[in-house]
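The numbers here are math on the coordinates, done by the rules we state, and not lab data. Model, not experiment: these values are computed from the prediction. Note: ideal-geometry Cβ built from the backbone for every residue, glycine included; neighbour counts use all protein chains shown.
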């Protein structure tokens, strides 16, 4: 049983997909947590603006999550196309 070039390419693709998702999910997770923490602080200081702050926080988190979705797309491409 010899290791061929196709096996090495598949192993590298799997490793690349795992790195893409691991590192790609790290940034959005930290960013969304920081956004939620700052929104909670702002609501604590000014409860009357809770609706506006919540809406703005959710829009910011959706934009932040898009980078995680991009890394998912890259990982899926590496797994199923390569």
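Ranking 58, 53 by Cβ neighbours within 10 Å, fewest first, what do you get?
Least to most surrounded, the residues fall as 58, 53.
Could you tell me the calculated FRET efficiency between residue 25 and residue 52, based on Cβ-Cβ distance and R0 = 35 angstrom, to the nearest 0.05? Result of the calculation: an efficiency of 0.75. For the chain, averaging the sequence separation of C-alpha pairs within contact (under 8 Å, six or more residues apart) and dividing by the residue count gives a relative contact order of 53 percent. Quick check on the chain: take the gyration tensor over C-alpha atoms, sort the square-rooted eigenvalues as a ≥ b ≥ c, and tell me if it's rounded (a/c under 1.5), prolate or oblate. Because a/c hits 1.5 or more and a/b exceeds b/c, the chain counts as prolate.
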